[in-house]
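This report refers to the structure that appears directly beneath it.
The values are calculated or read from the model by the stated rules, or taken from the named source; none is laboratory data. Predicted model only: the values in this text are computed from it and were never measured. Cβ: placed from backbone, ideal geometry, glycine included. Neighbour counts: every protein chain shown. Side chains are part of the model used for accessible areas, which takes the heavy atoms of the whole protein and leaves out ligands, DNA and RNA. Shrake-Rupley method; radii C 1.70, N 1.55, O 1.52, S 1.80 Å.
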2 protein chains.
Amino acid sequence: MPASDAPAAPPAIEFWFDFSSPYSYLSAMRIEQAAASRRLQVRWRPLLLGPVFRALGWKSSPFVEHPVKGDYMWKDLARECHKAGLPWRRPSVFPRTSLLPLRVALLGAEQPWIGAFTRRIMSIHFEEDRDIDEAGVVREVLQEDLGLPADTLLDAAQSPHHKAALRRQTEEAVQRGIFGAPTFFVGDTMFWGNDRLDDALAEAALHQR
Amino acid sequence: MPASDAPAAPPAIEFWFDFSSPYSYLSAMRIEQAAASRRLQVRWRPLLLGPVFRALGWKSSPFVEHPVKGDYMWKDLARECHKAGLPWRRPSVFPRTSLLPLRVALLGAEQPWIGAFTRRIMSIHFEEDRDIDEAGVVREVLQEDLGLPADTLLDAAQSPHHKAALRRQTEEAVQRGIFGAPTFFVGDTMFWGNDRLDDALAEAALHQR
């Protein structure tokens with residue numbers, strides 16, 4: 001029984017992602033619609049994978065640390081995108097720096113434009129194979145694609161206060177046991193990898209009843 | 001067009017597994033029936049994960065090397081077994097030594113009893129939480145469960161020649177880019193993880209036409 005008469009918040013799925021993460025691309029492109037069709041809310045949780053990997057003792061992505069894993073991952077990614085009907089071009093740079101768009105994503109995490117912003121940055125990275133960490137690229141997405149006050153948002157995203165907020169969010173990820181992306185949480189229950197997105201959505205939907 | 005009038009061998013899926021591997025358990029329990037229902041042949045390829053991991057620079061399983069990954073894996077395994085309708089008990093020892101049953105599996109890889117043997121050893125490990133590397137345990141499976149000449153098979157499995165054959169098979173795995181188990185091959189196309197078993201079966205089925 002609810003403790004107050006306020007309407008209960010819809011059940012939520014937390015989506016932890018980095019724009020540098022190829023498997024996060026697969027989830028990012030469909031999570032908003034998949035959640036909406038189940039009347040679930042997405043909590044967008046951008047994080048920096050670099051510090052997450054360093055906390056595990058890796059200098060870089062496991063796909064770089066272990067080339068045999070990397071070689072396989074690119075083949076798997078192409079197949080997974082084909083299955084999902086998503087465009088795919090293997091990035092010519094990997095891992096790409098994603099700091100600026102992640103800062104903007106954290107700034108907009110509770111704004112109505114977060115889904116469209118995330119998908120557009122992911123497409124620039126994994127469909128168009130373009131740099132995503134340039135101010136000009138991010139400004140164009142905010143201004144031209146989303147009709148937002150780009151300069152104001154970019155200034156806010158790069159303030160010392162907001163830079164620290166992204167570091168804190170990444171520390172929270174490490175403390176909660178995240179070791180890669182995408183990772184989903186439904187309450188305290190963690191699901192790792194795009195292959196578990198449907199399970200995470202199903203778990204969140206259970207909380208609706 | 002076939003080069004001779006000999007009937008073509010049915011298309012095959014190679015199944016690389018170790019009895020120590022929890023995700024191999026999920027695949028082992030269903031691959032034979034899933035393949036048969038698509039008129040595919042399973043090529044059973046036991047391997048030693050230890051040398052595979054050492055080739056990647058790890059001292060042990062990644063689930064031991066990185067406890068946060070291990071903690072998550074056990075939760076994921078319990079959920080995956082529940083989804084698959086499989087019994088599950090978290091092994092009290094991990095990773096369990098699996099050398100003797102792997103040697104027997106290699107010996108029987110082309111015998112009609114390989115599927116039943118593999119499933120029985122997996123059940124002893126992941127359902128009954130018992131040691132699988134004891135001669136008494138393996139003998140009982142061969143003799144009582146499968147009605148085979150256990151002592152003869154155990155002697156053959158432990159001959160120097162056969163011990164070397166398992167090492168060679170493991171070296172082949174490393175050379176083909178295997179970095180974990182289960183791994184499936186359809187021709188030269190590799191699929192890693194129980195999550196890709198259905199994709200591998202679908203790929204093998206394509207070769208049937």
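Could you name every residue in region A:139-186 that has 10 Å² or more less accessible surface in the full protein assembly than in its own chain alone (probe 1.4 Å, ligands and nucleic acids excluded)?
When all protein chains are present, A:Gly177, A:Phe179 each give up 10 Å² or more of accessible surface.
So which residues in region B:51-91 end up with at least 30 square angstrom less accessible surface once the other protein chains are there, compared with the chain by itself, probe 1.4 angstrom?
Those residues are B:Leu56, B:Trp58, B:His66, B:Val68, B:Lys69, B:Tyr72, B:Arg79, B:Lys83.
Students sometimes get this wrong: rank B:Met29, B:Met122, A:Met190 by accessible area, probe 1.4 Å, all chains present, largest first. Each step should come with its number before you reach the end.
Working: B:Met29 50, B:Met122 0, A:Met190 20 Å².
Highest to lowest solvent-accessible surface, that is B:Met29, A:Met190, B:Met122.
At a probe radius of 1.4 Å, figure out the B/A buried accessible area, summed over both chains, and give it in Å² to the nearest 100.
1900
Show the residues, 5+ positions off or on another chain, whose built amide H is closer than 5 Å to the amide H of B:Gln41.
Sorted by chain and number, the residues that satisfy this are B:Ala12, B:Ile13.
Just read off the accessible area of A:Val42 with the full protein assembly in place, 1.4 Å probe, to the nearest 10 Å².
20
For chain A, what is the calculated [θ] at 222 nm in deg cm²/dmol (nearest 500), taking -39500 (n - 2.57) for each run of four or more DSSP H residues and dividing by its residue count?
Numbers: 11 runs with 105 residues, N = 209.
Result for chain A, helices only: -14500 deg cm²/dmol.
I want the antiparallel fraction of DSSP beta bridges within the protein assembly as shown, as a percent rounded to 5.
Within the protein assembly as shown, antiparallel bridges account for around 55 percent of the total.
Let me check against my output: what whole-number percent is the relative contact order of chain A, with C-alpha pairs under 8 Å and at least 6 apart?
32 percent.
Among the lysines in the protein assembly as shown, how many pairs, 8 or more places apart or on different chains, have alpha carbons under 29 Å apart?
26
I want to check the label-to-label distance for A:Arg30 and A:Ala156. Put each point 7 Å from Cα in the C-beta direction and report it in nm to one decimal.
Each label point is offset 7 Å from its Cα along the Cβ direction, giving 3.3 nm.
Go ahead and collect, in residue order, the members of region A:78-109 whose backbone nitrogen is under 19 Å from a label point 7 Å along the Cα-Cβ direction of A:Glu172.
Label zone hits: A:99-109.
Using a 1.4 Å probe on the protein chains only, how many percent of the accessible area of chain B belongs to carbon and sulfur?
Solvent-exposed carbon and sulfur of chain B make up 50 percent of the total.
Full-extension gain between A:Ser37 and A:Arg54, please, as 0.36 nm times their residue separation minus the C-alpha to C-alpha distance. Numbers along the way, then the final one.
Values: separation 17, 0.36 × 17 = 6.12 nm, distance 3.68 nm.
Using 0.36 nm per residue and subtracting the Cα-Cα distance, I get 2.4 nm.
For a Förster distance of 35 Å, can you work out the FRET efficiency between the beta-carbons of A:Glu128 and A:Ala205, rounded to the nearest 0.05?
So, using R0 = 35 Å, E works out to roughly 0.55.
Shape of chain B from its Cα gyration tensor (a ≥ b ≥ c, root eigenvalues): rounded if a/c is under 1.5, otherwise prolate when a/b > b/c, or oblate?
rounded
With a 1.4 Å probe and all protein chains left in place, how much accessible area per residue does chain A have, in Å²?
47
In region B:53-145, which GluC sites (Glu not before Pro) are in a loop and have at most 14 other Cβ atoms within 10 Å, using DSSP for the loop call?
B:Glu110, B:Glu128, B:Glu134
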